[in-house]
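Pasting a structure below so you can have a look.
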Amino acid sequence: MNQPTLIQMNGDQLRIEDVALIAREFVHIELTSEALENVRRSRAMVEEMVQQQKVVYGITTGFGKFSDVMIQGEDVSKLQENLIMSHACGMGDPYPVEVVRAMMALRINALAKGYSGIREETLLQLVELCNRGVHPVIPQQGSLGASGDLAPLAHMVLVMLGKGEAYVNGQQMSGSEALKAVGLAPIRLQAKEGLALINGTQAMTAQLCLALYDSRVVLESAELIASMTIEALRGIPKAFDPQLHLVRPHPGQQESARRLLAHLSGSQRTSQQGELRVQDPYSLRCLPQVHGATRDTLEYVWTTVSRECNSVTDNPILFTETGDVISGGNFHGQPMAFAADFLAIAMAELANISERRTERLVNPQLSGLPGFLTENGGLHSGFMITQYVAASIVSENKVLCHPASVDSIPSSANQEDHVSMGTTAARKLRTVISNVTKVLAIEYLAAAQAIDFGTGDLGAGTSKAYAELRRVIPRLHEDREMHPDLVKAEELIKKGILVIV
């Protein structure tokens, strides 16, 4: 499948896959003529309101608790610049470039819908920043996830004004230097534009898009790795029979069972019910039920985030068809906060059950294999400590999976008295997914080592997974530094090498 070189945006059709391409592959953005016309229409509404000195939140008034303070004349423009500078007060390490690019893409798409009142030239400036590889330095901490991701997005906008800092070709420089380096000039914000640019859920949604994209890769990899463990332990594939899953018809459960059977098709390493044991432990037998529940959760979150990618999330919102300007709460991140917390819990379970399978592989009382998968136990420790590492990471995930969305701290003199903490939830989610990948890498290595003690053909999928690992990591005959092997296995998972069915 050929990768697109350009993604057109009209505010209604942006996919999570598109966000990942823009973020990671530097695919360019182009606004459709329809989007530009919608932008011009909403801008005309703003110009008319300013000219008539109408009282409209964020256009001719201050913000938050200052919404009852009228702003007039030249101060209307100054208000927007002050908004950006005052709100650009994030803290902590900067977001990775891929998150910044996803954030920019999502904000462009939301503004392209034509409900925000931004000028065409201002929106095109943001498009050009993304296309020319100017990536604002955006601190990760500071968003409450309601009134939008104010602090992160303000840091994004600073560079459009020739302020703040940005990366260009991997080099960090001032915003003014960054613009000059790519042949752009700073802009001066006009009425409503600052608010239009920073009032939205794009920091949390950007992270969710990338997390979802990665979660699909991790889930498919987890099922193939688990299939290798089934072979190493001579598990019983009958537990994945379609008859069983038709009578409990959760779609994810049925799909996971189908994939497990496909991976094991043709294997000479499995057993029948009653041949070695009547039934397998839960970490093998209940794979479709556990992985399937994660699969269903992932699909729910994917649908929710896809909807958010094409939503208007700022305030106030301009309706050119009716002439209404409505101040509401579309910037509130609660849907994304719940989605991020739910997905973190679901993904963490992949690591929880994986660590239990790793324990079965290395424990001779459970596996029937040499202790800790080493040929000369005592002199060599083999895979003993890799299980410790998996247990440690699984425990860390349990802490990270405490939901951020159950918290709220009032802000803006209690005007903004309930917030989502959605951006915190999304940041935690990305860490959880990274941790799950590490735990799966440990099982991947251990399963391959255990397979080396047996005989017989591997399954259609597992033979490929085994070959990919052994292409870069040899069998462990005696103790060696394990960290490099684990990192290589982790990279294979991240690259999607195991997504084969």
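The values are calculated or read from the model by the stated rules, or taken from the named source; none is laboratory data. Just so it is clear, the model here is predicted, and its values are computed rather than measured. Quick reminder, even Gly has a Cβ in these numbers, built from the backbone with ideal geometry, and neighbours come from all protein chains shown.
Residues in the stretch 375-400 that are of a type outside the set (Phe, Trp, Tyr) and closer than 18 Å to residue 489 by Cβ: how many?
11
Looking at residue 338 and the list (1) in contact (Cβ under 8 Å) with a residue 24 or more places away in the chain; (2) in a helix (DSSP H, G or I); (3) in the same structural domain as residue 270 (by TED's automatic domain parsing); (4) crowded, with 17+ Cβ neighbours inside 10 Å, which single condition is not satisfied?
The one condition residue 338 does not meet is (3).
Follow-up question, since we're still on this one. Residues of the stretch 370-384 being in a loop (DSSP other than H, G, I, E, B), surrounded by 14 or more Cβ atoms within 10 Å (Cβ to Cβ) and at pLDDT 95 or above, which ones?
370, 374, 381, 382, 383 - these are the residues of the stretch 370-384 that are in a loop (DSSP other than H, G, I, E, B), surrounded by 14 or more Cβ atoms within 10 Å (Cβ to Cβ) and at pLDDT 95 or above.
Follow-up. Which is hydroxyl-bearing (Ser, Thr, Tyr) and in contact with a strand residue (DSSP E or B) (Cβ under 7 Å, 6 or more places away or on another chain), of 86, 33, 42?
One residue alone meets the criteria, 42.
So, one more: Please find, within the stretch 34-68, the residue that is farthest from residue 190 (Cα to Cα) out of those that are of a type in the set (Gly, Ala, Ser) and outside any helix (DSSP H, G or I).
It comes out as 62.
Also, I was wondering about something else. Is it the case that the stretch 446-464 has a residue that's acidic (Asp, Glu) and within 27 Å of the chain's Cα centre (by Cα)?
Looking for residues that are acidic (Asp, Glu) and within 27 Å of the chain's Cα centre (by Cα), one finds none in the stretch 446-464, hence no.
While we're looking at this one, here's another question. Go through the stretch 141-194 and count every residue that is under 27 Å from residue 115 (Cβ atoms) and assigned to a helix (DSSP H, G or I).
13
Return the residues of the stretch 1-33 that are in a helix (DSSP H, G or I) and either over 15 Å from residue 135 (Cα atoms) or among the hydrophobic types (A, V, I, L, M, F, W, C) (or both); say none if nothing qualifies.
16, 17, 18, 19, 20, 21, 22, 23, 33
Out of the residues in the stretch 415-450 that are in contact with a Leu (Cβ under 7 Å, 6 or more places away or on another chain) and among the β-branched types (Val, Ile, Thr), state the one that is surrounded by the fewest Cβ atoms within 10 Å (Cβ to Cβ).
So the residue we want is 431.
Answer yes if at least one residue in the stretch 489-499 is of a type in the set (Val, Ile, Thr) and assigned to a helix (DSSP H, G or I), and no otherwise.
Within the stretch 489-499, one or more residues are of a type in the set (Val, Ile, Thr) and assigned to a helix (DSSP H, G or I).
Each row is one residue, and each column tells you yes or no for (1) at pLDDT 95 or above; (2) among the β-branched types (Val, Ile, Thr); (3) touching a strand residue (DSSP E or B) at 6+ places or on another chain (Cβ under 9 Å); (4) not in a helix (DSSP H, G or I).
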{"site": "386", "(1), (2), (3), (4)": "yes, yes, no, no"}
{"site": "390", "(1), (2), (3), (4)": "yes, no, no, no"}
{"site": "409", "(1), (2), (3), (4)": "no, yes, no, yes"}
{"site": "426", "(1), (2), (3), (4)": "yes, no, no, no"}
{"site": "439", "(1), (2), (3), (4)": "yes, yes, no, no"}
{"site": "442", "(1), (2), (3), (4)": "yes, yes, no, no"}
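Here's something else I'd like to know. Can you tell me which residues in the stretch 315-329 are buried (at least 19 other Cβ atoms within 10 Å of the Cβ) and assigned to a loop (DSSP other than H, G, I, E, B)?
315, 316
Can you go through 17, 30 and tell me which one is out of contact with any Lys or Arg (no Cβ under 8 Å at 6 or more places or on another chain) and within 11 Å of residue 112 (Cα to Cα)?
30
Which condition from (1) assigned to a helix (DSSP H, G or I); (2) under 21 Å from residue 230 (Cα atoms); (3) in contact (Cβ under 8 Å) with a residue 12 or more places away in the chain is the one that residue 308 breaks?
Exception for residue 308: condition (2).
Further question on the same structure: Scan (1) small (Gly, Ala, Ser); (2) more than 19 Å from residue 153 (Cβ to Cβ); (3) surrounded by fewer than 23 Cβ atoms within 10 Å (Cβ to Cβ) for the single condition residue 412 breaks and write down its number.
Failing condition for residue 412: (2).
Quick one: in the stretch 281-314, which of the residues that are surrounded by fewer than 18 Cβ atoms within 10 Å (Cβ to Cβ) and among the acidic types (Asp, Glu) is farthest from the chain's Cα centre (by Cα)?
Residue satisfying both the conditions and the ranking: 296.
Matching residues to (1) surrounded by 24 or more Cβ atoms within 10 Å (Cβ to Cβ); (2) on the phi < 0 side of the Ramachandran plot; (3) in a helix (DSSP H, G or I); (4) not assigned by TED's automatic domain parsing to the domain that holds residue 370:
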residue	(1), (2), (3), (4)
214	no, yes, yes, no
218	yes, yes, yes, no
221	yes, yes, yes, no
225	yes, yes, yes, no
229	yes, yes, yes, no
248	no, yes, no, no
258	no, yes, yes, no
262	no, yes, yes, no
266	no, no, no, no
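Sticking with this structure for a sec: Does residue 367 fit the bill of being surrounded by 14 or more Cβ atoms within 10 Å (Cβ to Cβ) and over 26 Å from residue 438 (Cβ atoms)?
No.
Can you tell me which of (1) at pLDDT below 90; (2) under 36 Å from the mean Cα position of the chain (by Cα) is the one residue 87 doesn't meet?
(1)
If I filter the stretch 268-290 for residues that are charged (D, E, K, R) and either outside the structural domain of residue 349 (by TED's automatic domain parsing) or part of a helix (DSSP H, G or I) (or both), do I get at least one hit?
yes
Another question, if that's okay. Name the residues in the stretch 392-407 that are assigned to a loop (DSSP other than H, G, I, E, B) and touching a residue at least 12 places away in the same chain (Cβ under 8 Å), would you?
401, 403, 407
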